[in-house]
Amino acid sequence: MAMPRRRHPFQLLGTCWVLGALACATSADSPDPIRILFIGNSLTYTNDLPGMVAALADSAGSGPVEVASIAFPDYSLEDHWNRGNALAAIRQQRWRFVVLQQGPSIFMASPVGLYRSPSDQTRDHLLL
């Protein structure tokens with residue numbers, strides 16, 4: 001018998017935050033779509049979080065929403081940074097929102113990388 005899939009509580013919280021931001025930032029009269037980029041790991045793509053946000057925004061009448069996702073299994077934000085494709089995607093479009101999902105946070109070193117200050121050389125690369 002298959003076990004039901006557990007949803008991560010922060011996934012729901014993140015979805016609520018994005019929808020709240022959309023409610024404040026969109027207008028049904030706006031011809032330009034709201035573009036949202038999701039950068040994360042399996043918690044982002046397993047339940048199609050970007051698709052869920054787009055469907056919820058559509059059902060709420062928030063106007064056009066376009067979503068894109070860069071997500072790989074067991075990827076942290078540092079892994080995305082080192083790979084380079086997330087930063088390239090950010091630079092390619094004018095995103096209204098970029099949703100960052102850190103992981104895998106079960107490893108002790110994972111949160112430490114979020115608190116490190118980037119070097120001066122890295123800070124120069126952060127400029128979009």
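Of the residues that sit in segment 30-45 and are among the hydroxyl-bearing types (Ser, Thr, Tyr) and open to solvent by less than 70 Å² (accessible area, probe 1.4 Å), which one is farthest from Phe97 (Cα to Cα)? Write out each step before concluding.
Taking segment 30-45 and keeping what is among the hydroxyl-bearing types (Ser, Thr, Tyr), we get 30, 42, 44-45.
Cutting the leftovers down to open to solvent by less than 70 Å² (accessible area, probe 1.4 Å) gives us 30, 42, 44.
Working: Ser30: 16, Ser42: 20, Thr44: 15 Å.
Once the filter is applied, the top-ranked residue is Ser42.
Can you find a residue in segment 101-115 that is under 24 Å from Arg35 (Cβ atoms), surrounded by 15 or more Cβ atoms within 10 Å (Cβ to Cβ), modelled with pLDDT of 85 or more and out of contact with any Asp or Glu (no Cβ under 6 Å at 6 or more places or on another chain)? Step through it out loud before you land on a result.
First, the residues of segment 101-115 that are under 24 Å from Arg35 (Cβ atoms): 101-103.
Cutting the leftovers down to surrounded by 15 or more Cβ atoms within 10 Å (Cβ to Cβ) gives us 101-103.
Next, only the ones that are modelled with pLDDT of 85 or more stay: 101.
This time we only want the ones that are out of contact with any Asp or Glu (no Cβ under 6 Å at 6 or more places or on another chain), so: 101.
Yes, segment 101-115 contains at least one residue that is under 24 Å from Arg35 (Cβ atoms), surrounded by 15 or more Cβ atoms within 10 Å (Cβ to Cβ), modelled with pLDDT of 85 or more and out of contact with any Asp or Glu (no Cβ under 6 Å at 6 or more places or on another chain).
What about Ser69, is it open to solvent by less than 40 Å² (accessible area, probe 1.4 Å) and of a type in the set (Ser, Thr, Tyr)?
Values: open to solvent by less than 40 Å² (accessible area, probe 1.4 Å): no; of a type in the set (Ser, Thr, Tyr): yes.
Judged against the criteria, Ser69 is not a match.
Within the set of pairs 6 or more residues apart or between chains, which connect a residue that is assigned to a helix (DSSP H, G or I) inside segment 45-72 to a residue that is aliphatic (A, V, I, L, M) with Cβ atoms less than 6 Å apart?
The qualifying pairs are Tyr45/Ala71; Pro50/Val67; Val53/Val18; Ala54/Val65; Ala54/Val67; Leu56/Leu19; Ala57/Leu22; Ala57/Val65.
The values are calculated or read from the model by the stated rules, or taken from the named source; none is laboratory data. Not measured: the values here are computed from a predicted model. Reconstructed Cβ throughout: ideal geometry from the backbone, glycine too, with neighbour counts over all protein chains shown. Remember, those area values only see protein heavy atoms, side chains included, never the ligands or the DNA or RNA. Shrake-Rupley method; radii C 1.70, N 1.55, O 1.52, S 1.80 Å.
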